[in-house]
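Some notes on the structure that comes next.
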Amino acid sequence: MADYEDKNTLEKPYTLFNNETGVSFEIPIIKSTDGPDVLDIRKLHEETGLFSYDPGFTSTASCDSSITYIDGNKGILRHRGYDINDLARKSDFLEVCYLLLHGDLPSPEDRKKFINVITTHTMLHEQLVNLYRGFRRDAHPMAIMVGVVGALSAFYHDSTDFSDLNQRMIACHRLIAKIPTIGAMAYKYSVGQPFVYPKNNLSYAENFLYMTFSVPTDDFNINPKIVKAMDKFFILHADHEQNASTSTVRLAGSSGANPFACIAAGIASLWGPAHGGANEAVIKMLEEIGDVSNIPKFINKAKDKNDPFRLMGFGHRVYKNYDPRAAVMKESAHEVLEVLEVDDPLLKIALELEKIALKDSYFIEKKLYPNVDFYSGFMLKALGFPTSMFTVLFAIGRTVGWISQWKEMIEDPINKIGRPRQLYKGHRSREYQIESSREKKSIFNWLWK
Ligand code: CMC
């Protein structure tokens, strides 16, 4: 805990001064252990009557957290102090889950216990199968994910009381354990194949691939390199600080909503193409580009202010440098394509697009680099996942991040309901009057005469 101790020491405050009223407000500074310190404006409204204005939270820290650190300018991502490159290359997903949830790497004994508890919670309540059958076969699997994860609270009442530490931990374990089963079942339902039950002798990633791709009529054998690539994919998506879906989970949880409902809210937020939906959008975009010769046309579209088109898989709110996850993902995608001997023509377009964009002044000036979603789609496509499943895979990896952030918030003594304020731009007070012309025109006046 030593490196957290100085967190609340205040430095010389900033002072806000209003020339007209002569009122001043001292803004204390709270020190971080790494990265920007923050201005503590909690008393701003009380003392000045003003709100701060920051749509999209570009300059606002919504909470304090000890889980993930990002330095967007240097392209650094660390979980609990460990670099993402080290974790992706040397660790495995369940160890990273333990690290995010508990704050430290597990001892060999804790590791064994944790793997055991996750492995033995992978099955779903049998009644949930009926819920799947209520969906259309062509439903988007993310729609099924939102529905089924939200419905977990109707099946696991004994882990919805978040004030009880034991129930909190059980909910965390259940979510990490069951989310691959839920995702695999969403896939099986869409292709009309029987659901495959989890197997306790398989690793987390292998079990997910087994539940997704095995069929009762055949043996299931998978190359360990593919299992490793899947595991790495989950590590790369495990957490990413206060992004849109994580903030959604925290906001939902701040009202006291149960953890399953909160994670369902996170999945809904992740679905958008500006967030987790980008991996699906990248492949669609590359298919639309169709040929290397069309790249300049699409680059120009992305640069045109009057065209809503954006290069999917490029740019990030925080990274103003190469996304560190993208570099590992690119390597992983190449490995998978090689192992499976897949020659994807879209990869050629992607590599050329990246090369051209990285040299273009528009992308250089705006610091738009490829993000994790730019390369993940190739790997997932080569593994046989349909594009509609890509964001589901992101959600499986991110569940541990969401639930760790939710737990941290619940255990934070400053935990307050999230309730932003607004800059009101609507009408001022108006007198209520029914206009006589509107009264005459109404069809109901005529009907009820
Ligand atoms: N293509 C073309 N122009 C872009 C792009 C892009 N992909 N991204 C940003 N810009 C431009 C944007 O038009 C704006 O220009 P101007 O200053 O002239 O108005 C400038 O760059 C800043 O963009 P912004 O939208 O204000 O930046 P933001 O931080 O609000 O948005 C983003 C970040 C990720 C939503 C955005 O870069 C984007 O839409 N990228 C494509 C979608 C994508 O790949 N999303 C995955 C993000 S990584 C996975 C995850 O964590 O979810």
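The values are calculated or read from the model by the stated rules, or taken from the named source; none is laboratory data. If you're wondering where the values come from, they're calculated on a predicted model, not measured in any experiment. Heads up, the Cβs are rebuilt from the backbone with ideal geometry, glycines too, and the neighbour counts pull from every protein chain shown. Each accessible area value is taken on the protein alone, full model and side chains, heavy atoms only, with ligands, DNA and RNA left out. Shrake-Rupley method; radii C 1.70, N 1.55, O 1.52, S 1.80 Å.
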Applying the selection to segment 203-234, what residues are assigned to a loop (DSSP other than H, G, I, E, B) and farther than 24 Å from D86 by Cα?
S214, V215, P216, T217, D218, D219, F220, N221, I222
Mind listing just one residue for me: the one in segment 283-301 that is without any contact (Cβ under 8 Å) to a residue 24 or more places away in the chain and within 13 Å of the ligand (Cβ to nearest atom) and, of those, least open to solvent (accessible area, probe 1.4 Å)?
K301
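Quick one: which residue in K367, K355 is surrounded by fewer than 24 Cβ atoms within 10 Å (Cβ to Cβ), over 16 Å from the mean Cα position of the chain (by Cα) and within 14 Å of the ligand (Cβ to nearest atom)? Write out each step before concluding.
On the way: K355 fails: within 14 Å of the ligand (Cβ to nearest atom).
Result: K367 is the single residue among K367, K355 that is surrounded by fewer than 24 Cβ atoms within 10 Å (Cβ to Cβ), over 16 Å from the mean Cα position of the chain (by Cα) and within 14 Å of the ligand (Cβ to nearest atom).
Please pick out the residue among M312, M285 that is within 22 Å of the chain's Cα centre (by Cα) and within 30 Å of A61 (Cβ to Cβ). Spell out how you get there, then give the answer.
Details: M285 fails: within 30 Å of A61 (Cβ to Cβ).
When all the criteria are applied, what remains is M312.
Out of the residues in segment 235-264 that are assigned to a helix (DSSP H, G or I) and without any contact (Cβ under 8 Å) to a residue 24 or more places away in the chain, state the one that is farthest from R419 (Cα to Cα).
Within segment 235-264, the first condition is being assigned to a helix (DSSP H, G or I), and the residues that meet it are 235-236, 244-254, 259-264.
From the residues that got through so far, the ones that are without any contact (Cβ under 8 Å) to a residue 24 or more places away in the chain too are 248, 252.
On the way: T248: 12, A252: 11 Å.
Looking at residues that are assigned to a helix (DSSP H, G or I) and without any contact (Cβ under 8 Å) to a residue 24 or more places away in the chain, I get T248.
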Cβ pairs under 7 Å, 6+ apart or interchain, first in segment 330-345 and touching a residue at least 24 places away in the same chain (Cβ under 8 Å), second of a type in the set (V, I, T) and in a helix (DSSP H, G or I), ordered by first then second residue, are V336/I226; V339/I226
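Can you tell me how many residues within segment 9-46 are in a strand (DSSP E or B), farther than 19 Å from I70 by Cβ and of a type in the set (A, V, I, L, M, F, W, C)?
Start the filter on segment 9-46 by keeping residues that are in a strand (DSSP E or B), which leaves 10-17, 24-30, 38-39.
In the following step, the residues that additionally are farther than 19 Å from I70 by Cβ were identified as 10-17, 24-29, 39.
With of a type in the set (A, V, I, L, M, F, W, C) added as a condition, the list becomes 10, 16-17, 25, 27, 29, 39.
Of the residues in that region, 7 qualify.
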Which of (1) in contact with a helix residue (DSSP H, G or I) (Cβ under 8 Å, 6 or more places away or on another chain); (2) surrounded by fewer than 18 Cβ atoms within 10 Å (Cβ to Cβ) is the odd one out, the single condition G266 does not satisfy?
(2)
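Go through segment 74-124 and tell me which helices (runs of 4 or more DSSP H), entirely inside it, have 1 or more residues that are more than 18 Å from the chain's Cα centre (by Cα), closer than 17 Å to L175 by Cβ and at pLDDT 95 or above. I'd like the intermediate steps shown before the answer.
Numbers: elements: 84-90, 93-102, 108-119.
Filter on segment 74-124 gives 93-102, 108-119.
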